[in-house]
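Beneath this line is the structure, given in structure tokens, with notes to follow.
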Amino acid sequence: MTADIINLKNEKVGTIDLPERVFGAAWNESLVKQVLTAQLANARDPWAHAKDRSEVSGSGRKPWRQKGTGRARHGMTSSPLWVGGGKAHGPRNERDYSQKVNKKMKQAALFAVLSRKFKDGEIKVLDTLTVGAPKTAILAAALRGVLNMKKGSKRYNALLVPAGTNAIVSRASANLPKAKTVTAASLNIYDILNHENILIEKESVAAIEKHYRA
């Protein structure tokens, strides 16, 4: 399995052999959905929180005596029956939304998504992603040609995978609309599916195969 290597001028400068198990895996929709759902659930922050009767402000004193008033008996004003009282069965921030997915399932889902992207022509291998300076304008101009963006379009919709931790590429892409930089070791199916184009530096191909070895 081979792919063309292009430069930032969108010119072919060579070819590269891609690992079959990474970029030639079969599509598994149910597995991809399961892993994606788990990833989003594990990133979820349960911020919604309703105070129960032990957390609302107010005294725990009995509002009136138990008998002889003609009114219903009550123990305290923090009861959910009272205005300003605690909430019964409300959302709690202790709730755990996390889902467990084992390592092999994550890896298989990742390979399935990368293979589907490659098959659809949405993965491009570049000889280098590094630009002369960590300037957004310089990288933006280069990516417009690589992505064949229409005039006036401002959404780059690209996931950049440089070789190693490339501070220049990371800083230059930080302000580009719908663009993100991740390392080979940080690839995940949400970022891949959330971006139409995947731009991988040629050295990252070997890094991906090594990091996600069987």
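Structure notes:
Here's the yes/no breakdown for (1) touching a strand residue (DSSP E or B) at 6+ places or on another chain (Cβ under 7 Å); (2) more than 22 Å from VAL205 (Cβ to Cβ):
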{"residue": "ASN7", "(1), (2)": "yes, no"}
{"residue": "ILE16", "(1), (2)": "yes, no"}
{"residue": "ARG21", "(1), (2)": "no, no"}
{"residue": "ALA26", "(1), (2)": "no, no"}
{"residue": "LEU36", "(1), (2)": "no, yes"}
{"residue": "GLY70", "(1), (2)": "no, yes"}
{"residue": "ARG92", "(1), (2)": "no, yes"}
{"residue": "TYR97", "(1), (2)": "no, yes"}
{"residue": "LYS106", "(1), (2)": "no, no"}
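- A single entry from ALA48, ALA38, ALA3 fulfils the requirement of being among the small types (Gly, Ala, Ser) and assigned to a loop (DSSP other than H, G, I, E, B): ALA48.
- Within segment 65-106, the set of residues being β-branched (Val, Ile, Thr) and either without any contact (Cβ under 8 Å) to a residue 60 or more places away in the chain or not in a loop (DSSP other than H, G, I, E, B) (or both) comprises THR69, THR77, VAL83.
- GLY58 vs. criteria of a type outside the set (Val, Ile, Thr), on the phi > 0 side of the Ramachandran plot and either exposed (fewer than 12 other Cβ atoms within 10 Å of the Cβ) or in contact (Cβ under 8 Å) with a residue 40 or more places away in the chain (or both): no
- Applying the criterion of being in a strand (DSSP E or B) and among the hydrophobic types (A, V, I, L, M, F, W, C) to the residues of segment 6-27, the residue that is farthest from LYS119 (Cα to Cα) is VAL13.
- Some residue of segment 18-33 being touching a residue at least 40 places away in the same chain (Cβ under 8 Å), farther than 30 Å from VAL83 by Cα and either of a type in the set (Val, Ile, Thr) or touching a His at 6+ places or on another chain (Cβ under 7 Å) (or both): yes
- SER30, sole failed condition from (1) of a type outside the set (Asp, Glu); (2) over 31 Å from the mean Cα position of the chain (by Cα); (3) exposed (fewer than 11 other Cβ atoms within 10 Å of the Cβ); (4) not in a loop (DSSP other than H, G, I, E, B): (2)
Results for (1) touching a Phe, Trp or Tyr at 6+ places or on another chain (Cβ under 7 Å); (2) assigned by TED's automatic domain parsing to the domain that holds ILE192; (3) over 30 Å from THR128 (Cα atoms); (4) among the hydroxyl-bearing types (Ser, Thr, Tyr), shown as yes or no for each residue.
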site	(1), (2), (3), (4)
TRP27	no, yes, no, no
LEU36	yes, yes, no, no
ALA50	no, no, yes, no
ARG53	no, no, yes, no
SER57	no, no, yes, yes
GLY60	no, no, yes, no
GLY68	no, no, yes, no
ARG71	yes, no, yes, no
PRO80	no, no, yes, no
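- Counting only helices (runs of 4 or more DSSP H) that sit wholly inside segment 107-214, those with at least 1 residues that are under 29 Å from GLU29 (Cβ atoms) and under 22 Å from the mean Cα position of the chain (by Cα) are 189-194, 202-211.
- Conditions (1) buried (at least 17 other Cβ atoms within 10 Å of the Cβ); (2) modelled with pLDDT of 95 or more: number failed by ARG71: (1)
- All told, PRO162 meets the bar of being under 23 Å from GLU11 (Cβ atoms), crowded, with 16+ Cβ neighbours inside 10 Å and not aliphatic (A, V, I, L, M).
Residue-by-condition table, conditions (1) under 14 Å from LEU110 (Cα atoms); (2) not hydrophobic (A, V, I, L, M, F, W, C):
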| residue | (1), (2) |
| --- | --- |
| ASN7 | no, yes |
| GLU29 | yes, yes |
| ALA43 | no, no |
| TRP47 | no, no |
| ALA50 | no, no |
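The values are calculated or read from the model by the stated rules, or taken from the named source; none is laboratory data. Just so we're clear, the structure is a prediction, and the values are computed from it rather than from any experiment. Cβ coordinates were reconstructed from backbone atoms using ideal geometry, including for glycine residues, and neighbour counts include every protein chain displayed.
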